[in-house]
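For reference, the structure is listed below as structure tokens.
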Amino acid sequence: MEPGKLQDKKPVLKLPMKKLPVLKLPKLKLPVLKLPVLKRPVLKSINRDLVFSASLVCAFIATKSAVSLMLQECKRGHDEYPFVVQTVSVCAFLLQLVFYAWQTTYELGCIHGMMTLLSAWKDMAPAVFYSTLVALSGLLQTISQNYIDASSYIVLMQLVLVLVAFGDRFILKKEATFLLWCLVLLQTGIVISYVNTLTVHKMKTQRVASVGPAGSHLDSGTVHTFGIVVCLCAECCSATGCILQQQFVQVAKPGLPISIKYWYQHFFGVIVILSTTFFDWRNVERIMQHGFFGGWDRQVFLTMFCMWLYAVAASSLTAYLSALTAAMSAAMVVIVISLFEVFYRGRALSGAQFFFIVALVVNSGAYAHLKDRHNRGPKRSTNAPSTK
């Protein structure tokens, strides 16, 4: 090859490209390993709503029982309460105002919470009426226990269930079955029968005269009857007020915090209770002579604190559950009061009274179960064919 000349390129053989066949392997299904599911502890598997509801009911039963028994202890050794009833109720309501103001500022912040609380007064007109009824109910319940014992009072209060059932039907427009109405009427008959046996027992065992708070000489039967009448008035106010309270708290102004609604309710309640003080001029004279806390001792302070806790539990039970649940929970208070008076105070119950107390609790439990099942409605079967 001569220098300076380019070397000739060798020819390249180009072979035709053939597509290779693609091998399709069958899909293999791998076995799925099913690991055993570890069960959680029992406390963690319980629904939080159920725990919350049960806690409210237990708190309601405990505080209501404590208030009834402690009011009887405050009166022990006296013809009437050694203090003005309105002073205890007002202090309990003032604690409620402080509690709900704190709850509002905790949820919304200090400044924004107080501004919302002060600006909500324009929407609180419907709360005036039921606040008056709730305040009068608590006051009349306390006064009635000045004339009747705790067990009689707590059994009479079971008529609230009947009144709440009527309010649930005609005010809240909730339907009820024929069986539920039969249980309501049975509840009325049980309470009337218990009161009849209790009155007969009182007339047989107590023939001595007692002096009433007004200074007039009244026999024990008349005093006991007057206490029953006051308790029945308290029941009417309690049932109507709780139904209207539930309607306002759960339905009206849904964007407004519940704590604000309850703050105004107890604010109006303080005004009502202070106004009732002037209905009996003897109360004014006692306050002017002995001071606002005249007749108070350590037990009265503890009673007032329990009344505040009871008010918190009752309001929460009505707001988050229903007034009917509160009425049903009061049936359990009958057991607590009865057991306390039998084992601690040595009170003897007749066979008829024991029978009516058991029947009252069973009837209340049956009503609660059937009412809850009625509210949930019939369950649909999962195997039923669907219709499009």
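Tabulated values for the structure
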| read-out | value |
| --- | --- |
| Summed side-chain charge close to L179 - residues other than L179 whose Cβ falls under 13 Å, Lys, Arg +1, Asp, Glu -1 | +1 |
| Relative packing of 330-339, 134-143, which averages over residues the other C-beta atoms within 10 Å, highest first | 134-143, 330-339 |
| Rounded accessible area of W181 (nearest 10 Å², 1.4 Å probe) | 60 Å² |
| Backbone HN-Hα couplings from phi across segment 247-258 [Karplus 6.51/-1.76/1.60, Hz, Gly and Pro as x] | 5, 6, 6, 8, 10, 6, 6, x, x, 8, x, 5 |
| Cβ crowding within 10 Å averaged over residues, with 151-164, 344-357 ranked highest first | 151-164, 344-357 |
| For C306, net neighbour charge (Lys/Arg +1, Asp/Glu -1) across residues whose Cβ lies under 14 Å away | +1 |
| Rounded to the nearest 10 Å², the accessible area of H290 at probe 1.4 Å | 130 Å² |
| Integer Hz, Karplus 6.51/-1.76/1.60 couplings in order for segment 261-267, x for Gly and Pro | 5, 6, 4, 5, 4, 6, 5 |
| Packing rank of 114-120, 360-366, where each peptide gets the mean count of other beta carbons within 10 Å, highest leading | 360-366, 114-120 |
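The values are calculated or read from the model by the stated rules, or taken from the named source; none is laboratory data. These numbers come from a predicted model, not from an experiment. FYI the Cβ positions are ideal-geometry reconstructions off the backbone, even for glycines, and counts take in every protein chain you see. Heads up: the accessible areas ignore ligands, DNA and RNA and are worked out on the full protein's heavy atoms, side chains in. Shrake-Rupley method; radii C 1.70, N 1.55, O 1.52, S 1.80 Å.
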